[in-house]
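Scroll down for the structure; my scribbles are underneath it.
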Amino acid sequence: SQTIHQWPATLVQPVGSPLSLECTVEGTSNPNLYWYRQAAGRGLQLLFYSVGIGQISSEVPQNLSASRPQDRQFILSSKKLLLSDSGFYLCASSLAGQTGELFFGEGSRLTVL
Amino acid sequence: AQSVTQLDSQVPVFEEAPVELRCNYSSSVSVYLFWYVQYPNQGLQLLLKYLSGSTLVESINGFEAEFNKSQTSFHLRKPSVHISDTAEYFCAVTPTGYSSASKIIFGSGTRLSIRP
C-alpha cells in the first residue's frame, strides 16, 4: 500500500513570509497527487491536484501554488502568507482508476500570525 | 454537481452502545460513496466504500453502511462502539467515470465521542 510523508508537521509563520510544505509518496509510481485544506467543521477543500510531473490543476483561486518536480513529490508553496492561510493541510495520493480511494499523509498544521 | 450533508456535527455515545452517523447526498449522475475516518491529529483513512453490487458494505472493525438510492443516503452504523472508535468521520461522494479523485466531495464531518 501507499505511504504518504508530509513535513513539517507543525509550522508557525509570520504574515508575509514564504511557505513550503513537502509531500512524498512511497509504494507506488505515477500516482495522482492532491493538496487539501481542512478547516474545523467544514470538511476538506481540494486546493490542487496533479496527474503527472509538471501537471498541476488549481481548484480555487488563492495565495498558494503547487509544483510536482518529481513523480512522487508534491510541494505546496506561497510567496507571502496571509492570516487566512492558517489551517491543516493534507497531502493525498490515489492510483489512476481507483476513484475516490485516497491515501492521506499525517497533515501539516500551519499557523500564520 | 454533487453535495454531501452530514446532519450531525457531534455524536456522543456510551461505550458498547450502538451508533448511527447520518449522511445524505445529492447528485444528478451515478456516484460512488465513501466513509473516511480521522483520528486526532492524523490524516484520513478509508473506512469503507460503495462502488456497485451489494448495497450493504462492511469495514474490518465492525462498521457498516448501507447505500439507499431512493433516500439518497449512506448512513454509517456500528452495533457496539469502543473507546478506540473516538474520531471524526467524513462521508464523501464522487461521480463515476473519472480516473482521478479530483471530483470527490467531502461532508463537513461528524465527531464521534465515546463515553466510558
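The values are calculated or read from the model by the stated rules, or taken from the named source; none is laboratory data. From a predicted model like this one, the values you see are computed outputs, not experimental measurements. Cβ coordinates were reconstructed from backbone atoms using ideal geometry, including for glycine residues, and neighbour counts include every protein chain displayed. In case anyone asks, the SASA skips ligands and DNA or RNA and just uses the protein heavy atoms, side chains included. Shrake-Rupley method; radii C 1.70, N 1.55, O 1.52, S 1.80 Å.
I want the antiparallel fraction of DSSP beta bridges within chain A, as a percent rounded to 5.
On the way: 36 of 40 bridges.
Given both bridge residues lie in chain A, the antiparallel proportion sits at roughly 90 percent.
What is the Å³ per residue value for the convex hull set by the Cα atoms of chain B? Provide the component values of the computation, followed by the final result.
Working: hull volume 12.1 nm³, N = 116.
Convex hull of Cα atoms, per residue: 104 Å³.
Run the numbers on the stretch B:49-116 and let me know its relative contact order in percent, using alpha-carbon pairs under 8 Å that are six or more apart.
Details: 80 pairs, mean separation 15.8, N = 68.
Reported as a whole number, the value is 23 percent.
Chains A and B: what accessible area do they bury, summed, in square angstrom to the nearest 100, with a 1.4 Å probe?
Numbers: alone 6090 and 6520 Å², together 10860 Å².
Using a 1.4 Å probe on protein heavy atoms, the buried area is about 1700 Å².
Please list B:E88, A:E59, B:E16 in order of solvent-accessible area, largest first, computed with a 1.4 Å probe with all protein chains present.
Working: B:E88 25, A:E59 85, B:E16 135 Å².
The most accessible residue leads, giving B:E16, A:E59, B:E88.
Please give the contour-minus-distance gain from A:Q45 to A:S1: 0.36 nm per residue of separation, less the Cα-Cα distance, rounded to one decimal in nm. Write out the running numbers ahead of the final one.
Values: separation 44, 0.36 × 44 = 15.84 nm, distance 2.44 nm.
Net length gain for the segment: 13.4 nm.
Using protein chains only (no ligands, no nucleic acids) and a 1.4 Å probe, work out which residues of the stretch B:76-116 have their accessible area cut by at least 40 Å² relative to the chain alone.
Buried-area filter returns B:S99, B:S100, B:A101, B:S102, B:F106, B:S108.
Only bridges whose two residues both fall in chain B count here: according to DSSP, what percent of them are antiparallel, nearest 5? Walk me through the intermediate numbers first.
Details: 34 of 39 bridges.
Percent antiparallel among DSSP bridges in chain B is about 85.
I'd like to check one number: the per residue accessible area of chain A, probe 1.4 Å, reported in Å² as a whole number. Intermediate values should be presented prior to the final figure.
Values: 5220 Å² over 113 residues.
Dividing the accessible area of chain A by its residue count gives 46 Å².
Going by amide H atoms built from the backbone, whose H comes under 5 Å of the H on B:V31, apart from near neighbours?
Under 5 Å from the amide H of B:V31 lie the amide H atoms of B:T96, each far enough along the sequence or on another chain.
Please report the relative contact order for the stretch A:1-68, taking Cα pairs under 8 Å with a sequence separation of at least 6, and give it as a percent rounded to a whole number. Don't skip to the answer; put the middle values down first.
On the way: 82 pairs, mean separation 14.9, N = 68.
Computed value for the stretch A:1-68: 22 percent relative contact order.
Between the stretch A:81-96 and the stretch A:17-64, how many Å separate their Cα centres?
6 Å
For chain B, set up a GNM with springs between Cα atoms under 10 Å and report which of B:S84, B:S52, B:S100 has the largest fluctuation.
Of the options given, B:S100 has the highest mean-square fluctuation.
List the extent of the Cα atoms of the protein assembly as shown along each of their three principal axes, largest first, rounded to whole Å.
Principal axes ranked by extent give 49, 40, 32 Å for the Cα atoms.
Keeping every protein chain in place, order B:H82, B:H75 by accessible area at 1.4 Å, biggest value first, i.e. largest first.
Working: B:H82 85, B:H75 30 Å².
Reading off the accessible areas and sorting them downward yields B:H82, B:H75.
Provide the net charge surrounding B:F63, with neighbours chosen by a C-beta distance below 11 Å and charges set as Lys +1, Arg +1, Asp -1, Glu -1.
Details: positive: B:R77, B:K78; negative: B:E20, B:E58, B:E64, B:D85.
Net local charge, B:F63 excluded: -2.
Starting from the Cα of B:K78, draw a straight line to each of the lysines and keep only those under 25 Å, dropping any in the same chain fewer than 8 residues away.
B:K49, B:K69
Would you mind calculating the relative contact order of chain B from Cα pairs under 8 angstrom and at least 6 residues apart, reporting the percent as a whole number? Walk me through the numbers before you get to the answer.
Details: 279 pairs, mean separation 43.3, N = 116.
The normalised contact order for chain B reaches 37 percent.
Share of chain A's accessible area from carbon and sulfur, percent, 1.4 Å? If you can, show how the numbers build up before the last one.
Numbers: 2710 of 5220 Å².
Ligands and nucleic acids excluded, carbon and sulfur give 52 percent.
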